[in-house]
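The values are calculated or read from the model by the stated rules, or taken from the named source; none is laboratory data. These numbers come from a predicted model, not from an experiment. Cβ atoms come from the backbone with ideal geometry, glycine included; neighbour counts cover every protein chain shown. Please note that ligands, DNA and RNA were not included when accessible areas were found on the heavy atoms of the full protein model with its side chains. Shrake-Rupley method; radii C 1.70, N 1.55, O 1.52, S 1.80 Å.
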Amino acid sequence: MHRLTKAQARRIAVRAQMLDAPRPTELLAVVQQLTLLQVDPTAAIAPNADLVAWSRLGSAYQPEHLKQALEQDRTLLEHNALIRPMSDLGLYLAGASDWPDYERTRAWLRDNDHFRRDILKVLGSSGPLTSRDIPDTSVVPWASSGWTNNRNVTQMLEIMMMRGEIAISGRVGRERVWDLADRVYPADVAVPLVEEAERAKNERRLASLGIAREKARAMPMEPVHVGEAGEPAVVEGVKGEWRVDPAALGEDFEGRTALLSPFDRLIHDRVRAEELFDFEYTLEMYKPAAKRRWGYFALPVLHYDRLVGKLDAVADRKASVLRVNAIHEDVKFTRPMTKGVQAELENLASWLGLSAIEPS
C-alpha cells in the first residue's frame, strides 16, 4: 500500500497528463500518453482537441498537424467522438462484432440489415462519403424523443463504426467522411480477447491519469475508473483507496503554468479534481448567463501542482482580439502565478493568430 500526500498525488496526476515542464514536443507522443483527445465542436477559444494539444505542446502545435496525423499519416484515428492512437485500435475492435449491447438497438439493426448492406455497397463503390451523400434505405425508422429521431443514416453509420465495419476517413469542415474500415485501418491490426483488451485499457488509462479509483461513477464516452490496474494507494486526507501507476512514483517534478480546456482529462473527473486539488469546476455554457459564476467556457488555470483559478475569455476572431472577461482566483495569485498566466495568455493569442489581448 503506497501512502501519498496530496501534493505527491497531484504531481503524479500532472506528470501523467504531460502538464509539467519541460513541454513534450510531438503530437503523437502526447496522444499516446493521454490515450485520447475528445472531439467537441465548441470553439469559444478553439476546438477541444486542439486546445488540449496546445496546452501540452504550446505554439509549436498547429491544427493541421492533427489533420495530417488523422487523414494522411494514419497514426491517429477518430472513433466514437474520441481521437486515439492507431496503435490502440485493436483494443477498441475487441468484441466489436457483438455490438450493440442494447436489445432495442440490436432489433433495429436486424430489421435494417438490408440498409446496412446497402451502405457497405455504396461506400465500396463510391466512398469515402459524408452522411448526406448516403441514401436512406431503412425500412424501420430510428425512433427517439431527442435530436436523433429518424436520423437513420447517421444512426446506422455510428453503429457500423462501433462494429468495426466502417471508419471515419477524415472531415470536411465539421462533417465526418466515412469509408470502409479496411481502407482506413491497417490490415495487420492485432485484436485481443475482450478480457485482455479491458485489462489493457485500464492499464493505459491509469498511465494517462497517474492515480485513479478502482471503481467510479459511470461517465459518458470514457470511464474514469481503472479496475485492478497499478498498485493500491491511499492519499492523506482523502477517504478511500486509490490505484496508482507504479512507474509514476518517485519521479522528480518540475512545474509550469497551463491553461486547460474544460474537457481536459486532468479535471474531467470533477470528483477527483475536488478530492486531490480542492478544485470546484462546472462547465457553464449550458447555464443562463445570469447564473454563471466563472463564464461560458472558463479555462481552468494550473500552476505547478495546483489548480488555482479559472480564466473567462473568448477569441474574437473578427476583431483579432483575445477578450479576457475575468480571471477568477481560487487562491490569491502570487507574482509567479500572475506572470505565468500572462505568459500563457500571450502564447494563446499568438497561437490563435490574434493581434491583441484586451479586457471585455
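Observations on the model:
- Residue pairs meeting the criteria (Cβ under 7 Å; at least 6 apart or on separate chains; first touching a residue at least 40 places away in the same chain (Cβ under 8 Å), in segment 95-108; second open to solvent by 80 Å² or more (accessible area, probe 1.4 Å)): Pro100/Arg106
- Residue tally, condition open to solvent by 70 Å² or more (accessible area, probe 1.4 Å) and either β-branched (Val, Ile, Thr) or within 26 Å of the chain's Cα centre (by Cα) (or both), over segment 232-246: 1
- The residues in segment 316-343 that are among the basic types (Lys, Arg) and in contact with a Leu (Cβ under 9 Å, 6 or more places away or on another chain) can be counted, and the count is 1.
- Number of residues in segment 337-360 that are open to solvent by 70 Å² or more (accessible area, probe 1.4 Å) and either touching a Cys at 6+ places or on another chain (Cβ under 9 Å) or closer than 18 Å to Phe277 by Cβ (or both): the value is 0.
- Of the residues making up segment 298-327, not one is over 16 Å from Arg256 (Cα atoms), among the charged types (D, E, K, R) and in contact (Cβ under 8 Å) with a residue 60 or more places away in the chain.
- Of the residues making up segment 230-242, just one is touching a helix residue (DSSP H, G or I) at 6+ places or on another chain (Cβ under 6 Å) and free of Cβ contacts under 8 Å to residues at least 60 places away in the same chain, namely Gly230.
- Elements of type strands (runs of 3 or more DSSP E) in segment 211-277, at least 1 residues being among the aromatic types (Phe, Trp, Tyr): 242-244
- In segment 330-360, the residues that are under 16 Å from Ala43 (Cβ atoms) and assigned to a helix (DSSP H, G or I): Leu348, Ala349, Trp351, Leu352
- Number of positions in segment 2-43 that are more than 21 Å from Gly340 (Cα to Cα), part of a loop (DSSP other than H, G, I, E, B) and at pLDDT 95 or above: 5
- Of residues in segment 279-329 being of a type in the set (S, T, N, Q) and not in a strand (DSSP E or B), the one farthest from Thr5 (Cα to Cα): Ser320
- Those residues of segment 279-297 which are free of Cβ contacts under 8 Å to residues at least 60 places away in the same chain and touching a strand residue (DSSP E or B) at 6+ places or on another chain (Cβ under 9 Å), in sequence order: Phe279, Tyr281, Arg292, Arg293, Trp294, Gly295
- Looking across segment 263-280, the residues that are within 17 Å of the chain's Cα centre (by Cα) and either farther than 16 Å from Leu34 by Cβ or polar (S, T, N, Q) (or both) come down to Arg270, Ala273.
- Residue tally, condition touching a Leu at 6+ places or on another chain (Cβ under 7 Å), in a helix (DSSP H, G or I) and small (Gly, Ala, Ser), over segment 59-97: 1
- Residue satisfying condition, being out of contact with any helix residue (DSSP H, G or I) (no Cβ under 7 Å at 6 or more places or on another chain), under 24 Å from Leu34 (Cα atoms) and open to solvent by less than 40 Å² (accessible area, probe 1.4 Å), within set Leu93, Leu77, Leu66: Leu93
- Close Cβ contacts (under 6 Å, 6 or more residues apart or on different chains) running from residues in segment 208-227 that are farther than 18 Å from Val31 by Cβ to residues that are open to solvent by 70 Å² or more (accessible area, probe 1.4 Å) comprise His225/Lys215.
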